[in-house]
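Accompanying notes for the structure given below.
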Amino acid sequence: MKYLAFAAGIFCATGLAAETPELTVYTYDSFVTEWGPGPAVKAAFEETCGCTLNFVAAGDGAALLARLRLEGARTEADVVLGLDTNLTAAARETGLFAPTEIEADYDLPVAWDDDTFIPYDWGYFAFVHAADMPAPQDFLELARSDLKIVIQDPRSSTPGLGLLMWVKAAYGDDAAQVWTDLADNIVTVTKGWSEAYGLFLDGEADMVLSYTTSPAYHIIAEDDTTKDAASFDEGHYVQIEVAGRLAASDQPELAEQFLNFMVSDAFQSVIPTTNWMYPAVTPAQGLPKGFDALVEPREALLIPEDQAQATRDTALAEWLGALSR
Amino acid sequence: MAWRTQPVISPRSGVVAAIAIAALMAAALGAVLWRAEGGRGLGPADWSALRFTVVQAAVSALVSVALAVPVARALARRQFMGRGLLITLLGAPFILPVIVAVIGLLAVFGRNGWISTALGWAGFEPVHIYGFHGVVLAHVFFNLPLATRLVLQGWADIPAERFLLAAQVNADARAIRRLLEFPMLRQVLPGALAVIFAVCLTSFAVALMLGGGPRATTIELAIYQAFRFDFDLGRAALLALVQIALTLGAALMALRLGRGDGFGAGLDRPVRRWDANGLGLRALDAGVITLAAAFLLLPMGAIVANGLAGLSALPNSMFRAAGVSLGVALASAAVLLLLALPMAIAAATGRAATVETAGLLGLAVSSLVLGTGLFILIHPIASPAAFAWPVTALVNALMALPFALRILIPPAREVVRTQGRLAQSLAMPGLSFLRLVLLPRLRRQIGFAAGLGAALSMGDLGVIALFADADRATLPLQIYRLMGAYQMQAAAGGALLLLVLSLALFRTFDWLGARHADA
């Protein structure tokens, strides 16, 4: 009977507190932990909105989109925060998102012009390694070396897909050959970022696919300068994380207000040291100390949204072919 | 065989439970299929995933069970200080979230692990763990404890009188093997093989990580890809059906192979062994137990060592999540017993095939597809987050059901066989038989099954990720979320907390069951 008491408790808990307007924001898991941006964002927004901000965490960006597609127009979400540029085309296609008026003075490595999604942070994918180790200059040098890397599976992980697009954007038709040459450097492929980064920290590989901003975490939060990101001559693939509001939302004004808040200083200043990404709009006080030590890629690579889907499928087939041998 | 046509206790509620489970699974799968929008069918990549899945699952099951027999035999015929505690600890890998257990495993066997480091000092190359053998190693690591417990149960179910008789006729170890142990193994092993095969069929993160890349793509990963990469629900459901067919095929084979007569009545005396006192056999058993303990406990030691530093940094959310997990685990154990006991009774009174097959469904159905199906069913009616805990408790109970049935059915069958006739001749009503004869005799197994169910539920990441919002996370989900936010040390502390709580829960139930059984 514990079971029933349990269920009853939950119903009561959700039945209360319907007085103030509620804004429901779907996001990914790491956003809502106490070290993520979630708590600070909630506190700052609730100070001004006279509302309750609820986060619902659903895996990562791709899991978020899958959940939205399952729920369709009946979704409780007013805002979705955490899709990236590999997902925006599919997200747009669902027709679930409403256009937004918001514009801001973005500091992105690429021009941004979108009437539905607003960017809130961004980063470069990069291989992170021990600072005292000479890092390769590009993928080809990495492939020739004996260095061991751990990467994420593009079928189950956002960074994994990012790497796939990175190699494709840099090498085009030669991407399959690059993967074949890289095969003996890859210790293993993991389901998600956490497993791969954990393996790297435990010394299972020399380098791990992550972000150029990852060393900033170790510098700022752990006072540890032993991690570095390798700068590759081909340029680095960009991940831009975006948010959008749902057309079926019963709080359209509040949702728009939240999107506006997302490009303001209050939100943007939280991002660098909680989400460990670059803010989409540099806050007035600038970037925190520690970010100045990060590598600056020479070139930013990004496959446009309308080609991303087709490129993704070809690149995955090449990746599977090269690594399954 | 008059008692079989009119059993001493009705199998009805067990059959109803089996049908309800099958109906729930069918509804969930049906919901996923219903929401599917004409995707592509199964491609060549899916077929090679199928091949890899079956081969690795079969090899993993065979190796796990082959190794479990000597370990269980050694544990069955030796009494030593801390034996009970050792058996509990040996079960730890099975109840941990896979990601945590794998990190422990790699701390020992990885490129930078203890063995590789030792080899490096001696001037050798590090161990190469990633590959097919790595997948099998990890699956044996997870399933050897389970296989050992199932086989050990088989030994425990041989009545003490048999060994007494064997000693009186001066039967040596070889004769005992032939007369008592082989027939027991013939009955126990096929079921153990089928269960472990089913567990390994739905493996995904471990197979990929230890397999070293996309060569190690399992059906579950293909389902994951269909769901989140292609949003092709039709293919996800099709692949889930393939998993079910494979599991049920294995189960039917096991049922057919596992048939045989029981050992008849005993008086439930404690077992004493007179045949295994030789020095050689003692040394052999000591060696086997030491090796198994080292294999299973060293990675646990690594988890403890990693976690100690993180314990002081545990955030409040981790303790809240631990509370949630304890509640879900207790509820899950209760649901498990409500399902498993009637089903075990039904199996003992002649409905074995129906019940065991339905029981295996919980393992056979991909948790992603099951969770998605339940999500689709619940979403139009209520907020899925409100159902996060009940759904998790239910799904966890279904996942533990095959194990509970394997634990409960053989002794239940034995009790019905040995005590049923007497009870019938006394015209004892079914409920009285349950209360006075069956339940007291199954105490030990009920405790074991409930403990296993609770511990499994504690460690399962499963469907909660689909349902939970920020405040309803379970401990494994919270650990995973912290890892995703660079908090590896806090996550390691959480893993240690989980390990301790799971084992404590398991040990408590196991102890509650055994306490009166031994009296």
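The values are calculated or read from the model by the stated rules, or taken from the named source; none is laboratory data. Nothing here was measured: the structure is a model prediction, and the numbers come from that model. Cβ placement follows ideal geometry from the backbone for every residue including glycine, while neighbour counts extend to all protein chains displayed. Just the protein is used for accessible areas: all its heavy atoms, side chains included, with ligands, DNA and RNA removed. Shrake-Rupley method; radii C 1.70, N 1.55, O 1.52, S 1.80 Å.
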Notebook entry, point to check: Along the positive direction of the dipole of the protein assembly as shown (beta-carbon charges: Lys, Arg +1; Asp, Glu -1; about the Cα centre), which of B:Val437, B:Thr53, B:Ala504 reaches farthest?
Noted result: B:Val437
Check: For region A:154-227, what % of the accessible area comes from carbon and sulfur atoms, probe 1.4 Å?
Finding: 42
Note to self: Would you work out the Kirkwood radius for region A:145-228? I mean one over the mean of 1/r across all pairs of different Cα atoms, in Å.
What the structure shows: 13.5
Notebook entry, point to check: Size of region A:96-250 along its principal axes in angstrom, Cα-based, largest extent first?
Noted result: 54, 42, 27
Notebook entry, point to check: When the Kirkwood hydrodynamic radius is evaluated over all pairs of different C-alpha atoms of the protein assembly as shown, what value in angstrom, to one decimal, is obtained?
Noted result: 28.2
Next item on the list: Using a/c under 1.5 as the rounded threshold, could you call region B:288-378 rounded, prolate or oblate? The axes a ≥ b ≥ c are square roots of the C-alpha gyration tensor eigenvalues, and prolate needs a/b larger than b/c, oblate otherwise.
Entry: oblate
Notebook entry, point to check: About its Cα centre, how strong a charge dipole does region A:144-209 have in debye, to the nearest 20, once Lys and Arg get +1 and Asp and Glu get -1 at the Cβ?
Noted result: 220
Next item on the list: Name the residue farthest towards the positive end of the dipole of the protein assembly as shown from the options B:Leu42, B:Val136, B:Asn306, assuming +1 on Cβ of Lys and Arg, -1 on Cβ of Asp and Glu, about the Cα centre.
Entry: B:Val136
Note to self: Starting from 0.36 nm per residue, how many nanometres of slack lie between A:Asp115 and A:Thr282 once their C-alpha separation is accounted for?
What the structure shows: 58.0 nm
Notebook entry, point to check: Probe 1.4 Å, all protein chains in place: accessible area of B:Val206 in Å², nearest 10?
Noted result: 10
Checklist line | Members of region B:481-517 that become less accessible by 20 Å² or more once partner protein chains are added (1.4 angstrom probe, chain alone as reference) | finding: B:Arg481, B:Leu482, B:Met483, B:Gly484, B:Ala485, B:Tyr486, B:Gln487, B:Met488
Item checked: For region A:173-218, the Rg and Dmax computed from alpha carbons only, in angstrom -> 12.4, 37
Margin query: About the Cα centre, and with charges only on the beta carbon of Lys, Arg (+1) and Asp, Glu (-1), how big is the dipole of the protein assembly as shown? Nearest 20 debye, please.
Written below: 6940
Notebook entry, point to check: Over the Cα atoms of chain B, what Rg and Dmax result, in angstrom?
Noted result: 23.0, 75
Check: Taking H as built 1.01 Å from N, whose amide H comes closer than 5 Å to the amide H of A:Ala98, not counting residues under 5 places away?
Finding: A:Arg245, A:Leu246, A:Ala247
Next item on the list: State the extension gain, in nm to one decimal, for the chain segment bounded by A:Asn260 and A:Asp223, taking 0.36 nm per residue of separation less the distance between their alpha-carbons.
Entry: 9.9 nm
Next item on the list: Note down the accessible area of B:Ser332, probe 1.4 Å, to the nearest 10 Å².
Entry: 0
Check: Rule-of-thumb check for region B:1-158: C-alpha Rg over 2.2 N^0.38 Å?
Finding: 1.48
Item checked: Extension gain from B:Ala26 to B:Leu257, taking 0.36 nm per residue of separation minus the Cα-Cα distance -> 80.4 nm
Next item on the list: Have a look at the DSSP beta bridges in chain A and tell me what percent are antiparallel, nearest 5.
Entry: 60
Notebook entry, point to check: Got a sec to turn the phi values of region B:130-136 into Karplus ³J(HN,Hα) couplings, 6.51 cos²θ - 1.76 cosθ + 1.60 with θ = phi - 60°, whole Hz, x for Gly and Pro?
Noted result: 7, x, 4, 5, x, 4, 5
Next item on the list: Please report, to two decimal places, log10 I(q)/I(0) for region A:107-190 at q = 0.15, 0.23 Å⁻¹ as given by the Debye formula with identical point scatterers on the Cα atoms and no solvent.
Entry: -0.67, -1.26
Check: How much accessible surface area, in Å² rounded to 10, belongs to the heavy atoms of A:Ser194 with a 1.4 Å probe?
Finding: 10
Notebook entry, point to check: Which net charge results for the neighbourhood of A:Glu46, defined as the other residues with beta-carbon distances under 15 angstrom from its beta-carbon, given Lys and Arg at +1 and Asp and Glu at -1?
Noted result: -3
Check: Rounded if a/c is under 1.5, else prolate if a/b beats b/c, else oblate: with a ≥ b ≥ c from the C-alpha gyration tensor eigenvalues square-rooted, which is region A:204-325?
Finding: oblate
Note to self: Interface size between chain A and chain B, please: total buried accessible area, 1.4 Å probe, rounded to the nearest 100 Å².
What the structure shows: 5700
Notebook entry, point to check: Based on the Cβ-Cβ distance of A:Glu46 and B:Trp114, what FRET efficiency does E = 1/(1 + (r/R0)^6) give at R0 = 56 Å, to the nearest 0.05?
Noted result: 0.70
Item checked: Spread of Cα-to-Cα distances over 5 Å intervals beginning at zero, given as percent, for region A:19-74 -> 4, 19, 24, 22, 16, 13, 2
Notebook entry, point to check: Based on Cα positions only, what radius of gyration and what Dmax would you give for region B:414-510, in angstroms?
Noted result: 20.9, 67
Next item on the list: For region B:177-191, just list the computed ³J(HN,Hα) in residue order, Karplus coefficients 6.51, -1.76 and 1.60, θ = phi - 60°, integers in Hz, with x standing in for Gly and Pro.
Entry: 4, 5, 8, 10, 6, 4, x, 5, 4, 4, 7, 7, 4, x, x
Item checked: Lys/Arg +1, Asp/Glu -1 at C-beta; chain A dipole; positive extreme among A:Leu96, A:Phe291, A:Pro136 -> A:Leu96
Check: Quick one: which of A:Lys42/A:Lys227; A:Lys148/A:Lys227; A:Lys42/A:Lys289 span more than 22 angstrom between C-alpha atoms?
Finding: A:Lys42/A:Lys227; A:Lys42/A:Lys289
Check: Under a 5 Å amide H to amide H cut-off, with H placed in plane at 1.01 Å, what residues pair with B:Thr217 once short-range neighbours are removed?
Finding: none
Margin query: Give me the base-10 log of I(q)/I(0) for region A:257-325 at each q in 0.19, 0.27, 0.28 Å⁻¹, Debye formula, one uniform scatterer per Cα, rounded to two decimals.
Written below: -0.87, -1.11, -1.15
Next item on the list: May I ask you to evaluate 6.51 cos²θ - 1.76 cosθ + 1.60, the Karplus curve with θ = phi - 60°, for each residue of region B:151-164 and list the ³J(HN,Hα) values in order in whole Hz, giving x for glycine and proline?
Entry: 5, 4, 4, x, 5, 5, 7, 6, x, 4, 4, 5, 5, 4
Next item on the list: Taking H placed 1.01 Å from N in the peptide plane, check which residues at least 5 places from A:Ser210 or on another chain put their amide H under 5 Å from its amide H.
Entry: A:Ala126, A:Phe127, A:Val128
Notebook entry, point to check: Where both residues lie in the protein assembly as shown, what percent of DSSP beta bridges are antiparallel, nearest 5?
Noted result: 60
Next item on the list: Determine the dipole magnitude for region B:109-190: charges of +1 sit on the beta-carbon of Lys and Arg, -1 on that of Asp and Glu, nothing else is charged, the reference point is the Cα centre, and the result goes in debye to the nearest 20.
Entry: 120
Check: Between region A:58-121 and region B:144-220, what's the alpha-carbon centroid distance in Å?
Finding: 51
